[in-house]
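Shown next, in structure tokens, is the structure this report addresses.
The values are calculated or read from the model by the stated rules, or taken from the named source; none is laboratory data. Quick caveat: nothing in here was measured; it's all calculated off a predicted structure. Positions of Cβ are generated from backbone atoms using ideal geometry, with glycine treated the same way; all protein chains shown enter the neighbour counts. When the accessible area is computed, the model is the full protein with side chains, heavy atoms only, and any ligands, DNA or RNA have been set aside. Shrake-Rupley method; radii C 1.70, N 1.55, O 1.52, S 1.80 Å.
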Amino acid sequence: MKKTGAEIMWECLVREGVEVVFGYPGGANMPIYDAMLNYPIHHVLVRHEQGGAHMADGYARASGRVGVAMGTSGPGATNLVTGIATAMMDSSPVVFITGQVAAHLIGGDAFQEIDVTGITLPITKHNYLVTRADEIAEVVREAFYIARSGRPGPVLIDICKNAQIEQTEFIYPEEVKLLGYQPPARAPQADLEKAVRLIEKAKRPVILCGHGVIVSGAEEALLHFATKTQTPVASTLLGLGAFPASHPLALGMMGMHGEAHTNLAIQNSDLILAFGMRFDDRVTGNLKTYAPKARKIHVEIDPSEVHKNVHVDLPLVGDLKNVVSDLVPMVDEYDHDEWLNEINGWKYEADERSIMNWPEDGKLYVAHLIHDLWKATGGGAIITTDVGQHQMWTAQYYALEKPNRWITSGGSGTMGFGLPSAIGAWFANKDQEIWAIAGDGGFQMTAAELTTAVQEGANVKVAIMNNNFLGMVRQWQEFFFEKRYSAVNMVSPDFVKLADAHGVPARRVTTREEVDEAIQWARSIAGPVVLEFRVEKEDAVYPMVPAGASLDQMLRRPVKQ
Amino acid sequence: MQYTFIALVENKPGVLNRVASLFRRRNFNIESLAVGRTEKPEVSRMTMVVDCPNGDVDAHKIEANLYKLVNVIDVQDVSRQPSVTRDMALIKVKAAPEKRAEVNSLASIFRARIVDVATDSVIVEVTGTEEKIEGMVELLRPLGIMEMVRTGQIAMTRGANAGIRRMPGMEDNGYEYDLEAAEILS
Ligand SMILES: Cc1ncc(C[n+]2csc(CCOP(=O)(O)OP(=O)(O)O)c2C)c(N)n1
């Protein structure tokens, strides 16, 4: 049967199991929006395409499925760009669909013509320019497959207006045929045996658990491997939740704002098992002094990550779940008591300095209230964050037991991510409690999406950590620029009134005593709520490895008398 | 050090741009790039000569990154494989009628040909390895080179093709990493 290109596009989305798309209409995608009315897919009208992109990303991360965001040509597409790059840096499967001017106008600087495939070439896993209706079915099918398979990532489809309108025979391609795309599945047996020999020799092993563990669904395999070999597990920012925080082998977060004992364990280890992580500069510190005594095994699906930042002794290229599951029966049981005791000693020292053990001084610290939120929600909420100090404190103090509940912009560090990604996550999981933690700065970057939350009845709680500063930049200026504060002082609107204007219940909290009650109040309301916390203005995130310093050279929180 | 890669890519619009963009983004310097059709209409073949200051480590990065492109079907690093490499140049040399004989004899040493004669210049066509072409150019230079164009290097391994898709990191690709753990692994 003949259908228009736009109809074919929706038909294919339905077959991919898409339930919701986040988008914004305009001249170049009007045929798509017209056809949409006939298909059982819910459309969320966002307030800015960037918000839509983050929503699709949040949806993808919370559900493990492909998110979809749409925009029109030109400015609609360029507004998506930050969200596309964010998804790319964190390997998030999102399909972006943009309208483009008619094929015969391309290259002529037509109204709202922008070279979107050109712009997004380096920030997508793959992209397509579709000029004919009969290409659409195959392209959409491929796009979803590429987005979700292998190392996931964003795929953009730019569809010319004529291709949306033209009619063609709809033939759904049953199979995806890609000559040059075959994600590696398993590591060769010979390499697994080499890994076993390295593991055998290790006295001080440590696992570095990255986002790849969650993406490949390898949590269970990791748990078996770690317990069988008694190997402690440090997590990257995005790997949090893959290994239960309460497990005795859990070391928590590594890197720039990682825990002291975790970084010390890495620096003193003799074997690093890097599972689905990419040795980002924020987790290694100075590469020249990084884990100098450790042999390194890198389990990774993307061969271009192997030897990229850190030279490893043994790459195991393959799907992490397969590789680790294959290793579990091959390795022996170990105890590593001495090593674990040594780490525990460092941990004990670190705990003494922790802000958790500070005496009450009447001030409201983000770390404290994140801990209170963790308690109040039983540690089970989906947490999204924005970018900055609050993000690091949340990573440190909202101890995660399960995967896919921690949604934060890691690789790209995109301010404005928190609120929209929470809205997206709600569409993935409407029964789950969802909190968006944001700074006063980042919240204002995409605050307009509060209306979207209202329009959709999205049950997300927004906690604004208002320190009147661009806190993380202020902290760097304090530490590394002699406290010369430059462009970090922020006058914000009255957040409670702002929420009120959106029809969102809101409260302001200024002391620790009020925290729990305010959280419970927010939880008791169905629908969006805003809590503004007036927090300590010049607190700093500790420990901190200054950029470029060795991983064990941490600035530590001063001990409070 | 220069490495030579052969990439088979899908013959689709924009693929050259993807490859070029990758080299720019990852900060690799292409010395020469030659693209053309193959025996299969849906496949194009690229020969790339790339500067790799860090030797095998860079070569691995290039190979692995090329594989990340969806349209790339196969990559071979032929730097260490026995192969035939060819470059072609057209060189326009100043040559008044009394100098033509000299050009002719120089060209014949290199088995080059004169393919065009004008009143005061000739075009020399020379095919061969990089070194041979460099040699020809140096000899012609004193006569006055007016214009030159080169195709860039193309390469083909000798004998049967080693096969397709050796995913870097998965199988032995001949790169020499200095393995700290070599003693355990050997
Ligand atoms: C879009 C964007 N612009 C700038 C930055 C740089 N940046 C990183 S953290 C930060 C401060 C964030 O301040 P705020 O949102 O108030 O959070 P806080 O650090 O105070 O918790 C800035 C400006 C960024 N990450 N993203």
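Could you list the trypsin sites (Lys or Arg not before Pro) in the range B:23-124 that lie in coil according to DSSP, counting only those with at most 11 other Cβ atoms within 10 Å of their Cβ?
B:R111
Test of the criteria: in the range A:323-423, which GluC sites (Glu not before Pro) are in a DSSP loop and have at most 16 other Cβ atoms within 10 angstrom of their Cβ?
In loop regions of the range A:323-423 (DSSP not H, G, I, E or B), the sparsely surrounded GluC sites (Glu not before Pro) are A:E333, A:E360, A:E401.
Can you give me the distance in nm between label points at B:A160 and A:A487, each placed 7 Å from the Cα along the Cα-to-Cβ direction?
Using points 7 Å along Cα→Cβ, the separation is 6.3 nm.
How high is the relative contact order of the range A:189-349, in percent, counting Cα pairs under 8 Å that sit 6 or more residues apart? Spell out each step's value before the answer.
Details: 311 pairs, mean separation 46.5, N = 161.
RCO, the range A:189-349: 29 percent.
Which residues' amide hydrogens lie under 5 Å from the amide hydrogen of A:L271, considering only partners 5 or more residues apart or on another chain, with H built in the peptide plane?
Hits under the 5 Å cutoff: A:R204, A:V206, A:R295.
Tell me which DSSP H helices of chain A clear both cut-offs, 20 Å or more of axial length from alpha-carbon atoms and a mean Kyte-Doolittle hydropathy of at least 1.6.
Counting only whole DSSP H runs, no helix qualifies.
Over 30 Å between Cα atoms, which of A:K296/A:K402; A:K402/A:K560; A:K125/A:K308; A:K125/A:K161; A:K402/A:K461 qualify? Before the final figure, lay out the partial values.
Values: A:K296/A:K402 27 Å; A:K402/A:K560 33 Å; A:K125/A:K308 18 Å; A:K125/A:K161 24 Å; A:K402/A:K461 20 Å.
In this structure, A:K402/A:K560 lie more than 30 Å apart at Cα.
Which residues' amide hydrogens lie under 5 Å from the amide hydrogen of B:Q153, considering only partners 5 or more residues apart or on another chain, with H built in the peptide plane?
For B:Q153, whose amide H was placed from the backbone, the distant partners under 5 Å are B:L33.
Using only the Cα atoms of chain A, build the gyration tensor, take square roots of its eigenvalues as a ≥ b ≥ c, and label the shape rounded, prolate or oblate: rounded if a/c is under 1.5, else prolate if a/b is larger than b/c, else oblate.
The shape class here is oblate.
Taking every Cα atom in the range A:94-229, find the radius of gyration and the maximum pairwise distance Dmax, and write them in Å.
Calculated on Cα positions, Rg and Dmax stand at 21.7, 66 Å.
For the residue pair A:E342 and A:Q112, what label-to-label distance in nm results when each label sits 7 Å from Cα along the Cα-to-beta-carbon direction?
Roughly 6.3 nm, to one decimal.
Please report the carbon-and-sulfur percent of the accessible area for the range A:40-136; probe 1.4 Å, protein heavy atoms only, DNA, RNA and ligands left out.
About 58 percent, which is the carbon plus sulfur part of the accessible surface.
Compute a Gaussian network model of chain B, connecting alpha carbons closer than 10 Å, and tell me which residue from B:S21, B:S79, B:S44 fluctuates the most.
B:S21
Within 10 Å of each Cβ in B:65-75, how many Cβ atoms from other chains are there, averaged over the peptide? Please report the intermediate quantities before stating the final value.
Working: counts 4, 2, 7, 10, 4, 12, 5, 3, 5, 2, 1.
Neighbouring Cβ atoms belonging to other protein chains average 5 per residue here.
Need one number: buried accessible surface between chains B and A, 1.4 Å probe, both sides summed, DNA, RNA and ligands left out, in Å² to 100.
So the buried area, both faces added, is about 2900 Å².
Scan chain A and report its longest stretch carrying no chymotrypsin sites (Phe, Trp or Tyr not before Pro) that are both in a DSSP loop and have at most 16 other Cβ atoms within 10 Å.
Numbers: sites that count: A:F111, A:Y334, A:F481, A:Y485.
Between exposed loop sites, the widest span is A:112-333.
Given axes a ≥ b ≥ c from the Cα gyration tensor, I'd like to know whether the range A:355-534 is rounded (a/c under 1.5), prolate (a/b larger than b/c) or oblate. The partial results should precede the final answer.
Working: a/c = 1.41, a/b = 1.28, b/c = 1.10.
Because its axes are fairly even, with a/c under 1.5, the range A:355-534 counts as rounded.
Relative contact order for chain A: what percent, with Cα pairs under 8 Å and sequence separation of 6 or more? If you can, show how the numbers build up before the last one.
Working: 1298 pairs, mean separation 80.5, N = 561.
Reported relative contact order: 14 percent.
So if each residue of separation counts as 0.36 nm, and I subtract the Cα-Cα distance between A:M30 and A:K293, what length gain in nm does that give?
That works out to 88.7 nm of additional length.
Within 10 Å of each candidate Cβ there may be at most 10 other Cβ atoms; applying that plus a DSSP loop requirement, which trypsin sites (Lys or Arg not before Pro) in the range A:164-217 survive?
A:K177
A:W406's amide H: which non-local residues (gap 5+, or another chain) put their own amide H closer than 5 Å, with H modeled 1.01 Å from N in plane and none for Pro or chain starts?
Sorted by chain and number, the residues that satisfy this are A:I383.
In peptide A:179-187, what is the residue-averaged number of other protein chain Cβ atoms found within 10 Å of each Cβ?
Details: counts 10, 16, 7, 4, 1, 6, 0, 1, 2.
What the average comes to for A:179-187 is 5.
Just check the range A:164-271 against the gyration tensor rule for me: Cα atoms, a ≥ b ≥ c as the square roots of the eigenvalues, rounded for a/c under 1.5, and otherwise prolate or oblate depending on whether a/b exceeds b/c.
It comes out prolate by the Cα gyration axes.
At 0.36 nm per residue, and after removing the present C-alpha to C-alpha distance, how many nm does the segment from A:E175 to A:Q520 gain when stretched out fully?
The span from A:E175 to A:Q520 would gain 119.2 nm if fully extended.
With springs only between Cα atoms under 10 Å, which of B:M148, B:M46, B:M136 fluctuates most in a Gaussian network model of chain B?
Evaluated over chain B, the most mobile residue of the options is B:M148.
Length gain on complete extension for the stretch B:E98 to B:L139, per 0.36 nm per residue less the alpha carbon to alpha carbon distance? Let's see the in-between values first.
Numbers: separation 41, 0.36 × 41 = 14.76 nm, distance 1.76 nm.
Contour length minus the Cα-Cα distance gives 13.0 nm.
Quickly work out the B:S108-to-A:Y334 label distance, labels modelled 7 Å from Cα along the C-beta direction, and quote it in nm with one decimal.
Placing both labels 7 Å along Cα→Cβ, they lie 7.5 nm apart.
What is the sum of charges around A:G74, taking Lys and Arg as +1, Asp and Glu as -1, for the other residues whose C-beta is under 15 Å from the C-beta of A:G74?
Residues close to A:G74 contribute a combined charge of -4.
What does the accessible area per residue of chain A come to in Å², with a 1.4 Å probe and no ligands, DNA or RNA counted?
37
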